[in-house]
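Take a look at the structure set out below.
The numbers here are math on the coordinates, done by the rules we state, and not lab data. The structure displayed is predicted, hence computed values, not measured ones. As a convention, Cβ positions derive from the backbone with ideal geometry for all residues, glycine included, and neighbour counts pool all protein chains shown.
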Amino acid sequence: MTEAELVKDIAAVLAKVRQGAKVVVEHDHRPVAVLRPAAPPRRKISEVLALMPKDSTATMDAGFARDVQAAIENHRESLEPPAWD
């Protein structure tokens with residue numbers, strides 16, 4: 001979309017971004033900005049554990065840490081395709 005199109009109806013553009021769309025703003029057919037949804041807030045493990053019920057039997061042991069690390073390593077691929085796709 002052009003800069004002029006963005007300025008003309010920024011509320012509609014932001015509504016699309018809120019729905020998950022990525023919007024590329026161009027000037028003279030060249031990208032100058034990308035509008036995308038903000039990254040969701042992240043929580044620390046300690047914050048997640050604090051939210052657990054008092055009677056929970058979950059524990060953070062070596063197996064838990066190993067499972068988390070394995071999940072991270074198995075999902076290293078980019079979440080966005082390269083620009084040439």
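For residues in the stretch 14-35 being among the basic types (Lys, Arg) and loosely packed, with under 12 Cβ neighbours inside 10 Å, which is farthest from the chain's Cα centre (by Cα)? If we take residues in the stretch 14-35 being among the basic types (Lys, Arg) and loosely packed, with under 12 Cβ neighbours inside 10 Å, then Arg30 is farthest from the chain's Cα centre (by Cα). Within the stretch 36-57, one or more residues are without any contact (Cβ under 8 Å) to a residue 60 or more places away in the chain, within 30 Å of Glu5 (Cβ to Cβ) and either surrounded by 10 or more Cβ atoms within 10 Å (Cβ to Cβ) or more than 24 Å from the chain's Cα centre (by Cα) (or both).
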